[in-house]
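Enquirer: Questions regarding the structure given below will be posed in turn.
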Amino acid sequence: MDEQFTHDLQNNIWIIRGYLCLTEDLMAKDFVFDDKNCTILFLDSMVNKEQLQSFVIGPMLEAKTGKIERVVGSAELKSFSAV
């Protein structure tokens, strides 16, 4: 695939889906943060959805704005990625 990422979120999601052979395991959670449409993509079989909600999505929805690394602390990101 020679497709390039752009500023079009939906197009970029389709590119990623294509790279992952349109797997049904790829999940998307859409939300607004800092007045921008955002999407978190994750593989359902590899992510603890409770932790994703508690440590990433929940804090971002609660804060609604700011720097992601301040809203979702780096310690939480490190422990989350180790799961």
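The values are calculated or read from the model by the stated rules, or taken from the named source; none is laboratory data. Note that the structure is predicted; figures quoted are calculated from it, not measured. Backbone-built Cβ (ideal geometry, glycine too); neighbour counts: all protein chains shown.
Enquirer: So, in the stretch 1-38, of the ones that are surrounded by 14 or more Cβ atoms within 10 Å (Cβ to Cβ) and either small (G, A, S) or within 20 Å of G73 (Cα to Cα) (or both), which residue ends up farthest from the chain's Cα centre (by Cα)?
Expert: Among those that are surrounded by 14 or more Cβ atoms within 10 Å (Cβ to Cβ) and either small (G, A, S) or within 20 Å of G73 (Cα to Cα) (or both), it is F33.
Enquirer: Kindly check whether there is at least one residue in the stretch 67-83 that is modelled with pLDDT under 90, surrounded by 12 or more Cβ atoms within 10 Å (Cβ to Cβ), among the basic types (K, R) and farther than 18 Å from L9 by Cα.
Expert: Step one: list which residues in the stretch 67-83 are modelled with pLDDT under 90, which gives 67-83.
After this cut, where a residue has to be surrounded by 12 or more Cβ atoms within 10 Å (Cβ to Cβ) as well, the list is 68, 71-73, 76-77, 79-80.
Next, only the ones that are among the basic types (K, R) stay: none.
Scanning the stretch 67-83, I find no residue that is modelled with pLDDT under 90, surrounded by 12 or more Cβ atoms within 10 Å (Cβ to Cβ), among the basic types (K, R) and farther than 18 Å from L9 by Cα, so the answer is no.
Enquirer: Across the stretch 33-44, which residue is nearest to L61 (Cα to Cα) among those that are among the hydrophobic types (A, V, I, L, M, F, W, C) and in contact with a strand residue (DSSP E or B) (Cβ under 7 Å, 6 or more places away or on another chain)?
Expert: Filtering the stretch 33-44 for residues that are among the hydrophobic types (A, V, I, L, M, F, W, C) and in contact with a strand residue (DSSP E or B) (Cβ under 7 Å, 6 or more places away or on another chain), the one nearest to L61 (Cα to Cα) comes out as C38.
Enquirer: Further question: Would you please name the residue that is farthest from F33 (Cα to Cα), looking only at residues in the stretch 60-76 that are of a type in the set (A, V, I, L, M) and part of a helix (DSSP H, G or I)?
Expert: Among those residues, the one meeting the criterion is A75.
Enquirer: Scanning for something part of a loop (DSSP other than H, G, I, E, B) and on the phi < 0 side of the Ramachandran plot, does the stretch 47-59 turn up at least one residue? Walk me through it before giving the result.
Expert: Pass one, the stretch 47-59, residues part of a loop (DSSP other than H, G, I, E, B): 47-48.
With the extra rule that they be on the phi < 0 side of the Ramachandran plot, the set shrinks to 47-48.
Yes, that holds for at least one residue.
Enquirer: Go through the stretch 17-45 and give me each residue that's under 24 Å from Q4 (Cβ atoms) and among the acidic types (D, E).
Expert: D30
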